[in-house]
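Read the structure below first, then the notes.
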Amino acid sequence: MATEIAAEAFLSASIEFLLDKIASSPVADFLRREKYSSFDVLKLETLFYSLTAVLADAGQKQIRNPAVKRWLERLQDAVDDAEDLFDEIEYEALKLEVEAESRARKRKASEFLSNISNLFYSTDLDMKTKMEEILGRLEYFANQINILGLEKGFGEEKSFRRIESTSLMDESEVYGRNADKDAVMKVLMTDDVDSQNPCVIPIVGMGGVGKTTLAQALFNDHKVKEVFEHKVWVCVSDEFDVCKVTETILRTVSSEACNGMNLNLLQVKLREKLTEKKFFIVLDDVWEDNYVKWEDLKKPFKDGAQGSTIIITTRSKNVARIMGTVGPHFLNTLTNGECWQLFAKHACSGFTGDFTVNSELKRIGRDIVEKCKGLPLAAKALGGLLRSTLDVGRWEQIAKSDIWDFTDEQSNILPALRLSYHYLPSHLKRCFAYCSIFPKNYEFQKEELVLLWMALKLVEHSERNNRRMEEVGEKYFDDLVSMSFFQQLRTNENTSYFVMHDLMVDLARSVSGKYFCLLSYQNRSPEEVVMRTRHLACSIEWHDLDDKRFSYVLEATRLRTFLSLKIQWDRLSFSKEVVDSLLSKLQCLRVVTFCSSSISELPDSIGEQKHLRYLDLSSTTIRMLPKSITTLYNLQTLKLYHCRYLENLPKDMHHLINLRHLDIRLCNELLEMPGQISKLKDLQILSIFIVGKDSGSKIGELRELSGLRGELHIKKLENVVDVKNAPDQANLKDKKRLEKLSLQWSFNSRSSNDGLIHEKNVLDMLLPHRTLKELEIFGYPGKTFPSWVGDISYGNIVFLKLIGCRYCFCLPPLGQLPFLKTLIISEFDVVATVGNEFYGNGSSIKPFSSLEILTFNDMSSWKQWEPIRVEDAGTFGKLRELKISNCHKLTGELPQLFPSLTKIKIYGCERFAYSLPRIPCIRQLEIRSYEKGLFGYVFQSRRDRGVTNSSLITTGRFDKLQIFDRNKSLESPSPNHRLESLEELEVDKCDDSFRFFHMDFFPKLRELSIYRCKSFESLSISDGRQCLASLSSLCIMHCPNFVSFPEAGLPAPNLSTFRIEGCDELKWLPRQMHNLLTSLKTLEIKGCPEIDGFPEGGLPLSLSTLTISSGLSLKAKYLYSNKLMVSWSNWNLQRLINLKSLTIESEDEDVESFPEEGRLPTTITHLSISKFRKLRALDKNGLQQLTSLKELMIGDCHELQTIPEEVFSTSLERLTITYCPKLRIIPVQGLPSLEALHIYECPNLQTIQQEFPASLKELDISGCPMLGECKI
């Protein structure tokens, strides 16, 4: 069973925190004021030390001794109360500090000092009572130590060291690792004389993912045996003992006894054995990232023959960085199919036989494999558990159990993953355990999690180490990523998102115990919120104060975290009463988030949260913050991102003296900042600063904020005044941690000539530190830029955007920026020529040597782009993508030096598109609004256009071509012109002459899409025997006159996706589909009312997804029928053994019952039916035959009245019913696997029969006013 092995880590950290606080000024001052002697203080410290000394022993004994478990729980309560008290003492000190400053401005200092003792007395009396109570409780717990038999220094966690691995393996157990093996083998077999010797290849992955198995497969490969003279396998495990590892290697290569040898003798002998010999060593399961030990170990290896190799397997990226000489090979999880093979091998035995012949066991087995989430160790362990039984009940029990419910003897998943946790330092144990609050598959960002850790004081920080808390927390995060506790999922616009593997979430929950709770549809029992819960997250709706779930939360009076989690696009609903009760009754909160919820106002009771450090109101409709929020003196983080109705910030924001992060991005109604922001000395993140005109903050407020980092967007710069007398008001040049700076004038601001000079002085004043990486300037009203814009000294800039500088008549010398990668220039209304000044005015730097993406938009006066005067191979040498849009006057040629350009987009440049140069690497071309025929441009050589240099003559070598036009002609290429390399072609809105498309001209075409071409009629192949071997996707949409495919069919054996929509006159699908389209997976037919059946022979057996719909065709709606649907009983879908998903949208009048028995294959997992105008009932026999069905969607069936009981297959997981106005009853009994139920707009629905199954995770019902109470 899961054990609460994180309790010791949290308790010891809390006590260490309290010991530090005893020495801090506010707590020490309080103790002196209350007449606590130095002996009393020493006694308190001694109590804490004595309790800390036995925590390890208590942590082990609690598992078997309930009395110790209760002792630990109550001790945690007392320590938390002490922490709250010390925090409250510090809060009162902060309060006095703020009030002292405020009163100093309003009164004489003597008046304030005369009252200060009264201010202290009013709060100290209550806090002294609490202190006496806590001291008494701590003494009680200390007295219990001997009674409970707790011992100091004992109780170290038992060794988690696994059984030592060996090189032997069962090759039949290796699934899904061929690609991994080939990738490592390629490096292993390379004798590169320039590479380091020996080559060290790290294999990195989470516990149980198969690193050792892969290493064994490589070790035993016959090619390895032939190439290497010596092969050695060493299981290093947790202790990196240089002497022991060296001895193991020496014994293997020499077969000599090494007893009594010291390290020196061992290494000398090993070096002799390995010199000029080609060796292969596997160091399995390396944990310790000790550079010195590794350097000592590898000394004997350096004289080995070229090509000698060492493979290390590790869970740590840090180990890989220290030991590896080549990049690590990251081992990912298996696919479900590969995991299924491994599970089936271990679940089948000669004694019980093959379970897969039993369809029910096979279905349950698939569910079990889903739990494994690609982890081979889990698949092997769970398969082994079921090896001796074919009992369906036992299999169901395993499928519904949490993996962490199994004992270590039943499953080695626990030791394998808990081992990773065991070796974490205590500060990382706490941070990882906190993540148990998140649901599975929850995506989080590094900054988000670090700020939460900081708010809960999980980040150990000392002012003496000169490192910001954020830096320490980021190091924690990186360490957990390195050890595979977190996995990077994706990166969007420089923001990385991370997840935890499902089994890592389970591990976190197993070690965190009852102090963490998640309320969701997966775990919706409110009883699990107990008084000892400290951290709560919810992803379900609370509509009113009477909700029983909410009453349980209010009992958790020591709650420190309340997170409302946004799941997908759902918005959590909190009533005003719920929010007020939470904030007024739960007084220990450190973290509160209502992000993406329905709240529109925050009650004044927020000011009572003395301990609050993190408040997130992002994406809410809140309009203003209460004044009381400015008394949150401990607040570190305030997130107001995308509060689009927020109109202002409280006047006394400067009272939040511990504020470090203020996020007000996308608060577009916010007009100005409150004054005295400069007093927030700890501010690290200020996403936006709005320069005030009258009463608001002035630009000078930024001067004192020396700690700003990350991104800063300064708006309304037209309000800056008096630059001459204060030329360095913002002092941005000293803010070296700023990475992105955005400077914005309001676009409607205009200036006189004197004003234009002033605006240039403003921009000159705002020169940033030279470490800046990204710069944006919006609406600058000057005529020229100051010298620092484009200056070579800003060599770190990689991204630059200049927008709306309407009065600038020339561009700055941006070509001088040596590392600039992305440049966007837009709305320069008076720039007529882009020329030498843009490149750098004769600078020795090769212009734009690093630029990869260049965009010009809306340059209304731009006429000419002049080439650089001196040809230079480095100019634009790395440019990959060029986009020019809405530059209507632009003519002439592009500069010729684009050797790496692969993608061009030209929009709204009618005079320019035909003047494109021949570019050797171009692969993607997208052009809208051109005057001459596009295909003529693609094929025309430069000689045809008057270019005489024959070396530049080239034919089109495109991978992707996109053609967009309105009412212009698109001529087809002549037979002499073939786009040999074109892989993707998209044609949109090309009318008149574009009637036929000859497939012959595009032999390598993979994807063809033709949209909205009114005159387009047919696809053709001149040679009916030609094979379209490359074609994988074909899409023809809204071409009303399209009527035919090639006469003999489409010979496309690799076509996997075929979509046809809005083709009113098309009567037949391609012939011989069953023979010619043998790889077809997806077929969609929408809005083609004249198609009356499938071709002779039916559809291909490979088909897995089929969609039939009346679509948006006007003709289909006018006829109000679908000929294809009329013949649906002749479709013979039952023969499609691979069909998984079927979607049918029909307006047909004849179908009254669906689906008929035997008409659909049993393989279907997803079925969606809608707009059956006469459908009155579901066919019970037909649906029950769909034994694999997981998702069923029924919509817009206006005559559907009844759904029979037990009509659904027991495999059903998701059921959605929408817009069925006559439906009265929905039965859900007999659905043990149902996870999601969605019912919308069924106004006559009165009953949902039976209680919802325990498996239900999602429930969403709306538009059903007659529905009575549902039992959940």
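No lab work stands behind these numbers, since they all come straight from the coordinates. Because the structure is predicted, anything quoted here is derived from the model rather than measured. Glycine gets a Cβ as well: all are built from the backbone with ideal geometry, and neighbour counts include every protein chain shown.
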Quote to one decimal, in nm, the extra length available between T129 and E443 on full extension: 0.36 nm per residue of separation minus the C-alpha distance between them. 108.6 nm
Computed FRET efficiency, Cβ-Cβ of R1159 and S1044, R0 30 Å: what is it to the nearest 0.05? 0.50
Give a quick list of GluC sites (Glu not before Pro) in the stretch 1156-1208 that DSSP marks as loop, anything other than H, G, I, E or B, with at most 16 other Cβ atoms within 10 Å. E1156, E1157, E1199, E1205, E1206
Could you derive backbone 3J(HN,Hα) for the stretch 625-633 from the dihedral phi with the Karplus parameters 6.51, -1.76 and 1.60 (θ = phi - 60°), listing whole Hz in sequence and x where the residue is Gly or Pro? 9, x, 4, 5, 5, 6, 9, 7, 5
Gyration tensor verdict on the stretch 803-858 (Cα atoms; rounded if a/c is under 1.5, prolate if a/b is larger than b/c, oblate otherwise): oblate
Hey, with R₀ at 60 Å, roughly what FRET efficiency would E555 and T891 work out to, going by the Cβ-Cβ distance, to 0.05? 0.20
Determine, for H642, H998, the number of other Cβ atoms within 10 Å of each Cβ, and report the residues in order from fewest to most. H998, H642
Virtual spin-label span in nm between Y807 and T1057, 7 Å along Cα→Cβ: 5.0 nm
Where labels lie 7 Å past Cα in the beta-carbon direction, separation of K293 and K181 in nm: 3.1 nm
If the only charges are +1 at each Lys and Arg Cβ and -1 at each Asp and Glu Cβ, what is the size of the charge dipole of the stretch 768-821 around the Cα centre, to the nearest 20 debye? 60 debye
Cβ-based net charge around Y175, under 14 Å, with every Lys or Arg adding one and every Asp or Glu removing one: -1
I want to check the label-to-label distance for S860 and R1176. Put each point 7 Å from Cα in the C-beta direction and report it in nm to one decimal. 6.6 nm
Could you put S844, S426 in order, starting from the residue whose Cβ has the fewest other Cβ atoms within 10 Å? S844, S426
How large is the charge dipole for the stretch 171-330, taken about the Cα centre, if only the Cβ atoms of Lys, Arg (+1) and Asp, Glu (-1) carry charge, to the nearest 20 debye? 100 debye
Between the stretch 306-328 and the stretch 28-86, what is the C-alpha centre distance in whole Å? 45 Å
Compute the length gained on full extension between D1260 and T1210: take 0.36 nm times their separation in residues and subtract their Cα-Cα distance, giving the result in nm to one decimal. 15.9 nm
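What percent does the relative contact order of the stretch 1039-1138 come to when contacts are Cα pairs within less than 8 Å and at least six residues apart?
Values: 222 pairs, mean separation 26.3, N = 100.
It rounds to 26 percent for the stretch 1039-1138.
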Along the Cα-to-Cβ line of K693, 7 Å from the Cα, sits a label point; which residues in the stretch 664-685 have backbone N less than 18 Å from it? 668-675
Out-of-range pairs (alpha-carbon distance over 31 Å; input K475/K610; K95/K152; K716/K846; K186/K298; K736/K889; K698/K905): K95/K152; K716/K846; K736/K889; K698/K905
Residues with amide H under 5 Å from that of I203, placed H, sequence gap 5 or more: I312, T313, T314, H329
A 26 angstrom limit on the alpha carbon distance is what I want to check against. Which of K1123/K1171; K1190/K1257; K740/K878; K760/K878; K446/K733; K715/K735 exceed it? K760/K878; K446/K733
If you stretched the chain out fully between E99 and T46, how much longer would it get, using 0.36 nm times the residue separation minus the C-alpha to C-alpha distance? 15.5 nm
Rounded to the nearest 0.05, what FRET efficiency do E837 and S496 have when you use their Cβ-Cβ distance and R0 = 30 Å? 0.20
Mind sorting F86, F39 by how few other Cβ atoms lie within 10 Å of their own Cβ, fewest first? F39, F86
Taking a threshold of 21 Å on the Cα-Cα distance, which of the pairs K181/K211; K373/K514; K639/K801 fall above it? K373/K514; K639/K801
Amide H contacts under 5 Å for K878, placed H, 5+ residues apart: L851
Could you size up the charge dipole of the stretch 1149-1272 around its Cα centre, putting +1 on the beta carbon of Lys and Arg and -1 on that of Asp and Glu, and report it in debye to the nearest 20? 60 debye
